[in-house]
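Engineer: My questions all concern the structure below.
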Amino acid sequence: MLDASAWQTGQENADLAATLRQELRTSAPSSELPTVGIPVLIVAMIADEAAAIEANPQQIEDEAGKIAFDQFTTLYQSYVAVLKAAADQHHEPLPASPLTARYHTEREQWKPFASSSYTAADLIADVAQELNRKPTVLEGRMIWPQIYPFDVMLDPTHPMRALYDEILRSGCVVLADEFSLFEPKLRQALASIVALPKSQVALVTISPLNPRLVPPHSEVEKELRRVFEAAFKRFDQYDPQSEVMVADERRLKRWLYLSLPQTLRSLQNPGADPERLEQVWGSAGVDPLAQGVINRQRQASVL
């Protein structure tokens with residue numbers, strides 16, 4: 001993460017910008033390929049903020065209203081129930097403060113998923129590293145996630161706010177923890193980001209609940225992994241054309257929206273072998289010429 005220790009209100013903006021540029025230069029990966037920095041903001045509580053809410057959730061009602069308090073209570077109870085079921089399955093104790101255990105003294109060290117010790121920063125770095133191994137996917141470039149300290153967004157008078165507003169308008173990725181949206185300061189700051197006109201923010205909110213951790217979902221996944229090992233291997237390697245165990249209509253539609261055009265591009269790729277297709281269809285007892293499949297494939301292969 002970029003070091004914000006020098007970003008004090010009394011310094012000149014020019015000095016602050018120079019500090020930021022130096023941070024960016026020293027942490028950039030070395031490569032002969034052009035490298036594009038991707039600004040990232042992580043909206044998550046620190047451990048002290050989480051502990052305060054877990055110890056006294058009434059403050060949510062005092063500052064955000066009864067509806068928000070009821071929503072938090074329902075989410076928290078469901079979260080603890082899922083954690084307890086997973087802990088019982090593995091004969092492990094439930095943490096004394098299950099919510100606070102997800103967070104750290106730094107926001108980017110928040111652990112989004114109870115089933116993993118990976119932090120938000122780890123996850124971003126892993127995906128970027130995987131993408132950088134495939135320069136064709138990135139059109140001959142590399143990406144470099146730059147995690148900007150979110151605390152700047154909590155102070156409207158901070159001297160770096162103008163820079164952050166420009167980043168939000170130019171393009172950035174925001175990862176938001178759904179539990180943390182009940183923390184009043186973070187809630188207000190994210191609302192200001194969403195409301196910013198002409199912003200280019202890629203926003204994802206991350207749910208603390210994962211029903212796949214507990215039976216029957218966890219047992220179903222084990223069986224599917226055993227039978228469909230290749231499909232799960234593609235899924236684990238971030239292949240967007242292999243998705244598993246989708247349990248939400250919207251996510252299925254989003255996947256189809258992305259997958260169908262990619263499948264079309266594959267079908268239109270020159271070099272498809274109609275004779276090989278004919279053999280495959282023939283082995284299935286289908287006459288592809290009678291069905292018009294081969295003719296359509298020949299037409300598609302020259303598009």
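Engineer: As an exercise: evaluate residue 157 against (1) part of a loop (DSSP other than H, G, I, E, B); (2) closer than 30 Å to residue 70 by Cβ; (3) at pLDDT 85 or above and give the number of the one condition it does not meet.
Structural biologist: (2)
Engineer: Scan 175, 163, 154 and give me the residue that is touching a residue at least 24 places away in the same chain (Cβ under 8 Å) and in contact with a Ser or Thr (Cβ under 9 Å, 6 or more places away or on another chain). Spell out how you get there, then give the answer.
Structural biologist: Working: 163 fails: in contact with a Ser or Thr (Cβ under 9 Å, 6 or more places away or on another chain); 154 fails: in contact with a Ser or Thr (Cβ under 9 Å, 6 or more places away or on another chain).
Only one candidate passes the filter, namely 175.
Engineer: Further question on the same structure: Residue 231 - would you say it is over 28 Å from residue 89 (Cα atoms) and surrounded by 12 or more Cβ atoms within 10 Å (Cβ to Cβ)? Can you show your working first?
Structural biologist: Values: over 28 Å from residue 89 (Cα atoms): no; surrounded by 12 or more Cβ atoms within 10 Å (Cβ to Cβ): yes.
When the stated conditions are applied, residue 231 does not pass them.
Engineer: Please go through region 233-250 and give me each residue that is at pLDDT 80 or above, of a type outside the set (Asp, Glu) and in a helix (DSSP H, G or I), ordered by number.
Structural biologist: Of everything in region 233-250, those that are at pLDDT 80 or above, of a type outside the set (Asp, Glu) and in a helix (DSSP H, G or I) turn out to be 233, 234, 235.
Engineer: Here are the criteria: (1) among the basic types (Lys, Arg); (2) loosely packed, with under 11 Cβ neighbours inside 10 Å; (3) modelled with pLDDT of 75 or more. Tell me which single one residue 276 does not satisfy.
Structural biologist: Condition (3) is where residue 276 drops out.
Engineer: Being in contact (Cβ under 8 Å) with a residue 60 or more places away in the chain and assigned to a loop (DSSP other than H, G, I, E, B) is the filter here; which residues of region 104-113 pass it? Walk me through it before giving the result.
Structural biologist: Initial filter on region 104-113 (in contact (Cβ under 8 Å) with a residue 60 or more places away in the chain): 106-108, 110, 112-113.
Within region 104-113, 106, 110, 112, 113 meet the criteria.
Engineer: Enumerate the pairs (first residue in region 60-88 and assigned by TED's automatic domain parsing to the domain that holds residue 49; second residue anywhere and exposed (fewer than 12 other Cβ atoms within 10 Å of the Cβ)) with beta-carbon separation below 7 Å, excluding pairs fewer than 6 apart on the same chain, so at least 6 apart or on different chains.
Structural biologist: 87/93
Engineer: Further, regarding this structure: Enumerate the pairs (first residue in region 180-191 and of a type in the set (Phe, Trp, Tyr); second residue anywhere and in a helix (DSSP H, G or I)) with beta-carbon separation below 6 Å, excluding pairs fewer than 6 apart on the same chain, so at least 6 apart or on different chains.
Structural biologist: Matching pairs, first to second residue: 182/60; 182/72.
Engineer: Could you check, for region 222-232, whether at least one of its residues is out of contact with any Cys (no Cβ under 7 Å at 6 or more places or on another chain) and modelled with pLDDT under 80?
Structural biologist: Taking region 222-232 first, the residues out of contact with any Cys (no Cβ under 7 Å at 6 or more places or on another chain) are 222-232.
From the residues that got through so far, the ones that are modelled with pLDDT under 80 too are 223-224.
Yes, there is a match, as at least one residue in region 222-232 is out of contact with any Cys (no Cβ under 7 Å at 6 or more places or on another chain) and modelled with pLDDT under 80.
Engineer: When both residues are 6+ apart or on different chains and their Cβ atoms are under 6 Å apart, which pairs have a first residue that lies in region 114-135 and is under 21 Å from residue 178 (Cα atoms) and assigned by TED's automatic domain parsing to the domain that holds residue 82, and a second that is among the acidic types (Asp, Glu) and in a helix (DSSP H, G or I)?
Structural biologist: 120/108; 121/108
The values are calculated or read from the model by the stated rules, or taken from the named source; none is laboratory data. Remember, it's a predicted structure, so these values are computed and weren't measured experimentally. Methodologically, a virtual Cβ is constructed for each residue, glycine included, from the backbone with ideal geometry; neighbour enumeration extends over all protein chains shown.
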